[in-house]
Amino acid sequence: MDLVALTFASGWASGINAYATVLVLGLLGRFAGIAEVPLGLQRTDVLIVVGILAGLEFFADKIPYLDSVWDGVSTFIRPIAGAVIGALIAGASGDLPTLALAAVGGVTALISHLVKAGLRIAINTSPEPLTNIGASLTGDAAVVSVASLAVLYPVPAAIIAAVLLLATIILLIFAFTRMRKGWRALRAWLAKD
């Protein structure tokens with residue numbers, strides 16, 4: 001049960017920011033000696049690459065419309081990261097548990113990513129940048145918190161991730177008209193450049 005909870009929570013976090021999730025898990029595994037963190041995430045080369053990419057995402061995610069372009073590219077990255085983390089947590093042996101945890105991580109990451117991307121495009125319609133920066137910082141804090149908690153207390157972390165996912169889905173439903181407005185504004189922004 002702990003492996004499913006760990007995979008769900010890290011999958012949710014991967015859907016928000018895959019690089020930060022891998023970085024947090026890898027650092028905790030390497031320097032805090034958390035045995036549940038797969039060794040592949042603790043490698044020096046992995047930590048350096050995801051550290052650089054997490055830094056890039058940290059800044060790109062604060063800029064209206066650039067964050068939506070980044071989310072568009074990340075549609076291919078975040079679910080794969082969630083699936084890979086799930087497979088590594090299961091031991092990556094190719095058996096049914098590995099496939100099941102990869103599916104849990106990948107699907108959870110895809111859902112949380114789509115919800116995040118939808119909410120962020122809606123937030124981009126706000127006339128001031130503080131809303132965008134605030135939403136980004138909130139997401140950053142949630143990713144670090146849930147990923148850290150997941151390796152120490154997987155079940156509570158999974159419950160928190162599930163509550164956050166449900167709450168953001170509800171917010172997305174209410175923000176649907178702003179999403180359409182955000183898509184039009186994004187197309188206009190891209191046409192300018």
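At-a-glance table
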| read-out | value |
| --- | --- |
| Hits in the range 21-31 - residues which are touching a residue at least 60 places away in the same chain (Cβ under 8 Å) and in contact with a Leu (Cβ under 9 Å, 6 or more places away or on another chain) | VAL22, LEU25, LEU28, GLY29 |
| Output for the range 56-67, where each listed residue is in a helix (DSSP H, G or I), of a type outside the set (A, V, I, L, M, F, W, C) and more than 14 Å from the chain's Cα centre (by Cα) | none |
| Any hit, the range 2-20, residues being assigned to a loop (DSSP other than H, G, I, E, B), open to solvent by 20 Å² or more (accessible area, probe 1.4 Å) and either among the charged types (D, E, K, R) or over 25 Å from LYS116 (Cα atoms) (or both) | no |
| Within the range 21-40, tally of residues that are at pLDDT 95 or above, crowded, with 24+ Cβ neighbours inside 10 Å and of a type in the set (A, V, I, L, M) | 4 |
| Any chance ILE89 is among the β-branched types (Val, Ile, Thr), surrounded by fewer than 23 Cβ atoms within 10 Å (Cβ to Cβ) and under 18 Å from ALA158 (Cβ atoms) | no |
| Given (1) over 16 Å from the mean Cα position of the chain (by Cα); (2) modelled with pLDDT under 95; (3) assigned to a helix (DSSP H, G or I), index of the condition VAL155 fails | (2) |
| Of all residues in the range 158-193 being without any contact (Cβ under 8 Å) to a residue 24 or more places away in the chain, of a type in the set (A, V, I, L, M) and over 27 Å from ALA147 (Cα atoms), the one that is surrounded by the most Cβ atoms within 10 Å (Cβ to Cβ) | ALA188 |
| Single condition ALA117 does not satisfy, out of (1) modelled with pLDDT under 90; (2) over 26 Å from GLU36 (Cβ atoms); (3) hydrophobic (A, V, I, L, M, F, W, C) | (1) |
| Qualifying position, being outside any loop (DSSP other than H, G, I, E, B), among the β-branched types (Val, Ile, Thr) and under 18 Å from ALA161 (Cα atoms), among VAL46, VAL50, VAL24 | VAL24 |
| Single match in LEU110, LEU101 (criterion: at pLDDT 90 or above, open to solvent by 10 Å² or more (accessible area, probe 1.4 Å) and under 24 Å from SER68 (Cα atoms)) | LEU110 |
| Failed condition for ASP61, given (1) touching a Phe, Trp or Tyr at 6+ places or on another chain (Cβ under 7 Å); (2) surrounded by fewer than 17 Cβ atoms within 10 Å (Cβ to Cβ); (3) not aromatic (Phe, Trp, Tyr) | (2) |
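The values are calculated or read from the model by the stated rules, or taken from the named source; none is laboratory data. Predicted model, so just to flag it, every value in this text is computed and none were measured. For neighbour counting, all protein chains shown are included, and Cβ atoms are generated from backbone atoms with ideal geometry for every residue, glycine included. Heads up: the accessible areas ignore ligands, DNA and RNA and are worked out on the full protein's heavy atoms, side chains in. Shrake-Rupley method; radii C 1.70, N 1.55, O 1.52, S 1.80 Å.
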